[in-house]
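In what follows, a structure is listed as structure tokens, so that the remarks can point back to it.
The values are calculated or read from the model by the stated rules, or taken from the named source; none is laboratory data. As the structure is a computational prediction, the values presented were derived from the model and not from experiment. Using ideal geometry, Cβ is built from the backbone for each residue, glycine included, and neighbour counts are taken over all protein chains shown. Remember, those area values only see protein heavy atoms, side chains included, never the ligands or the DNA or RNA. Shrake-Rupley method; radii C 1.70, N 1.55, O 1.52, S 1.80 Å.
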Amino acid sequence: MTATRDCLGIRVFAPALLGNDGRALAIVHGMERAFPGLHLGWKVSEEGRPVALPRRDAWISEVTPDGGFRLVCNGDESYPVTISAWERRAGPEPHAQPLLQVSAELPLDAATIAVAVDMLEEVAEGARALWGHATPDRAVGEIAQQSIRPLQGPPRPPRGLPVLALSERLRAPEIPHCLGWLNYWSAATARWLNFPDPARDAELLSRSRRTATGGWLVRLTDEPLDLDTPVHLDALLRAYERFPEIGGRGTGASGV
């Protein structure tokens, strides 16, 4: 039996689209620039099959009823790459504002790993994102449990990971909801996190780089995050300890 192939998920969170403000095309074109040979020129039919888009850029530029842009893919069912976006409604807090969530999925293989940092940068900067991450889906599944509220008893995230506030309870949109393998933090988010602190962040800075807009790309582990690997889990736990604002565990939440 063939093992299920893991995927790399890219998620970035940005201010909501203001009509056709050019960001949808910037996101898709940036992703194509980062991945040599990638062309996202197909949509997916109701039957789940790729359909070529003769006017791809116009298709992407048309804002959808949910405030994002339609899913486009590379048309290769044996190696599927997809990206789409939608608007997340504002939460109940007085400061809350709607955010654009951009989500991409790619097979997690050597080709993807080689360009993952560049892809996250292109997607995030094209979206003018506040924060985002690129993380293998298997790790994402466990990280998501950090904000699940059970019907009975206290939250119990796996592997000793900290409990995170619900995303709508964070008191500023710049505060990341969670950590991932590769993290994008805008300049505003970096200020919230007090990053970088040369006295505390030497190890992280050795795997980080600045972006053209003053943001940061921060890699937690050299290889894709695998929580079955003790040094990877330790790196994730240490990063949560370093940044208590993430997930509203410090002063970043108005309630859980």
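On alpha carbon coordinates alone, what is the Rg over Rh value for the chain, Rh being the Kirkwood radius? Let's see the in-between values first.
On the way: Rg = 18.1 Å, Rh = 18.9 Å.
My calculation puts Rg/Rh at 0.96.
Quick check for you: with a 1.4 Å probe and neighbouring chains kept, what is the accessible area per residue of the chain, in Å²? Each step should come with its number before you reach the end.
Working: 12180 Å² over 256 residues.
Using a 1.4 Å probe on heavy atoms only, each residue of the chain averages 48 Å².
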- Rel. contact order, % - alpha carbon contacts under 8 angstrom, at least six apart, the chain: 20
- Whats the longest run of the chain with zero GluC sites (Glu not before Pro) that are DSSP loop and have at most 13 other Cβ atoms within 10 Å? 78-256
- If you roll a 1.4 Å probe over the chain with all protein chains in place, what percent of the accessible area is carbon or sulfur? 54
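So what's the projected area for the stretch 123-179, the Cα convex hull averaged over all directions, in nm²? Working shown, then result.
On the way: hull surface 19.2 nm².
The directionally averaged projection comes out at 4.8 nm².
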- At q = 0.13, 0.16, 0.18, 0.19 Å⁻¹, what is the base-10 log of I(q)/I(0) for the stretch 1-61 according to the Debye formula with one equal point scatterer per Cα and no solvent? Please give it to two decimals. -0.50, -0.74, -0.90, -0.98
